[in-house]
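A short write-up of the structure that comes next.
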């Protein structure tokens with residue numbers, strides 16, 4: 001069974017890579033940036049490549065489905081490179097192709113703030129996609145980069161789905177119809193995503209799970225809801241797991257350089273700090289427990305395989321050049 005995590009927000013070292021291997025992960029998408037500009041984003045990519053090279057017996061960077069299959073066949077984990085914002089482009093549409101040439105395969109249109117391309121889920125009013133955003137969507141399609149809508153606003157997300165010629169993804173969020181939260185996605189958006197062939201990666205991040213991440217069995221209720229909503233072929237896993245993330249990293253994710261005041265992101269004043277991972281997923285060694293829970297709910301092996309990673313692999317084969 002192919003195991004894939006659509007978004008893993010950890011800071012990686014050999015120990016974390018070994019945890020990924022021990023958990024049976026064949027492919028994960030990593031997050032290399034949030035607010036960084038082009039030069040900072042390239043530096044982050046360069047430093048990540050150094051770490052990968054130092055651990056090439058465990059992992060390798062993949063650019064397409066063929067790479068993924070070769071890496072998995074070598075009993076290593078394939079790494080998909082992504083960023084959670086478009087700040088890396090410095091507003092230059094030509095940089096899309098350059099970052100694609102450097103191996104970037106997933107890009108989130110907006111992060112926690114509105115930008116020149118569209119609105120964010122945290123804005124009180126979502127502007128929808130901009131003219132620049134329409135052009136960017138087309139360029140991302142052309143260059144084989146998967147568009148991520150995880151932190152994108154509702155109206156902007158629907159606009160992107162309509163504008164994109166390729167399927168798009170929500171790599172790490174949950175259905176708002178089951179777990180109400182500003183970071184989660186409306187049933188209408190998830191349906192629209194699925195109708196165009198996209199995939200939603202359901203998150204285990206406790207702040208957007210409302211208690212449903214306490215056990216793999218309880219979390220499988222969230223999976224069942226989403227499968228009932230859009231079918232088995234459009235549901236995957238995007239844990240938003242965060243090994244080695246400290247409060248300083250969290251503050252950067254939430255505030256960047258744009259704010260002097262405290263922002264809580266998906267947390268709150270009552271839960272301001274780094275929230276602990278679920279007890280069963282303190283490391284990625286527990287990832288396989290999800291498959292056990294899904295099969296205990298009555299899902300077939302084929303259905304379970306689709307959710308555990310098969311749907312991501314199909315989507316990657318369609319989008320990546």
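The values are calculated or read from the model by the stated rules, or taken from the named source; none is laboratory data. No experiment lies behind these values; they were computed from the predicted model shown. Here the Cβ positions follow ideal geometry from the backbone for every residue, glycine too, while neighbour counts run over all protein chains shown.
Just a few scattered comments:
- Test result for residue 161, part of a helix (DSSP H, G or I), without any contact (Cβ under 8 Å) to a residue 40 or more places away in the chain and buried (at least 17 other Cβ atoms within 10 Å of the Cβ): yes
- Entry remark, the stretch 46-70: residues being touching a residue at least 12 places away in the same chain (Cβ under 8 Å) and not in a loop (DSSP other than H, G, I, E, B) number 10 in total.
- In the stretch 99-110, of all residues being assigned to a loop (DSSP other than H, G, I, E, B) and in contact with a strand residue (DSSP E or B) (Cβ under 7 Å, 6 or more places away or on another chain), the one that is nearest to residue 167 (Cα to Cα) corresponds to 109.
- Of the residues making up the stretch 116-145, those that are in a loop (DSSP other than H, G, I, E, B) and touching a residue at least 40 places away in the same chain (Cβ under 8 Å) are 118, 121, 122, 144, 145.
Listed here are the residues, each with its yes/no results for (1) surrounded by fewer than 18 Cβ atoms within 10 Å (Cβ to Cβ); (2) touching a strand residue (DSSP E or B) at 6+ places or on another chain (Cβ under 6 Å); (3) assigned to a loop (DSSP other than H, G, I, E, B).
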| site | (1), (2), (3) |
| --- | --- |
| 190 | no, yes, no |
| 204 | no, no, yes |
| 213 | no, no, yes |
| 228 | yes, no, no |
| 233 | yes, no, no |
| 243 | no, no, yes |
| 252 | yes, no, no |
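- Filter result for residue 199 (closer than 28 Å to residue 283 by Cα and at pLDDT 95 or above): yes
- Within the set 28, 80, 11, 93, the sole residue that is surrounded by fewer than 19 Cβ atoms within 10 Å (Cβ to Cβ), under 16 Å from the mean Cα position of the chain (by Cα) and at pLDDT 95 or above turns out to be 11.
- Any hit, the stretch 78-98, residues being touching a residue at least 40 places away in the same chain (Cβ under 8 Å), over 30 Å from residue 155 (Cβ atoms) and not in a loop (DSSP other than H, G, I, E, B): yes
- In the condition set (1) in a helix (DSSP H, G or I); (2) more than 21 Å from residue 291 (Cβ to Cβ); (3) in contact with a helix residue (DSSP H, G or I) (Cβ under 7 Å, 6 or more places away or on another chain), residue 220 is compliant with all but (2).
- Restricting attention to the stretch 281-308, the residues that are under 16 Å from residue 240 (Cβ atoms), assigned to a helix (DSSP H, G or I) and touching a strand residue (DSSP E or B) at 6+ places or on another chain (Cβ under 9 Å) add up to 3.
- Unique match (being surrounded by fewer than 19 Cβ atoms within 10 Å (Cβ to Cβ), within 24 Å of residue 62 (Cβ to Cβ), modelled with pLDDT of 95 or more and over 15 Å from the mean Cα position of the chain (by Cα)) among 142, 155: 142
- Within the stretch 262-293, the residues that satisfy the criterion of being under 22 Å from residue 306 (Cβ atoms) and either surrounded by 16 or more Cβ atoms within 10 Å (Cβ to Cβ) or free of Cβ contacts under 8 Å to residues at least 12 places away in the same chain (or both) are 280, 281, 284, 286, 287, 288, 289, 290, 291, 293.
- Given (1) buried (at least 24 other Cβ atoms within 10 Å of the Cβ); (2) in contact (Cβ under 8 Å) with a residue 40 or more places away in the chain; (3) in contact with a helix residue (DSSP H, G or I) (Cβ under 8 Å, 6 or more places away or on another chain); (4) closer than 21 Å to residue 113 by Cβ, number of the condition residue 148 does not satisfy: (3)
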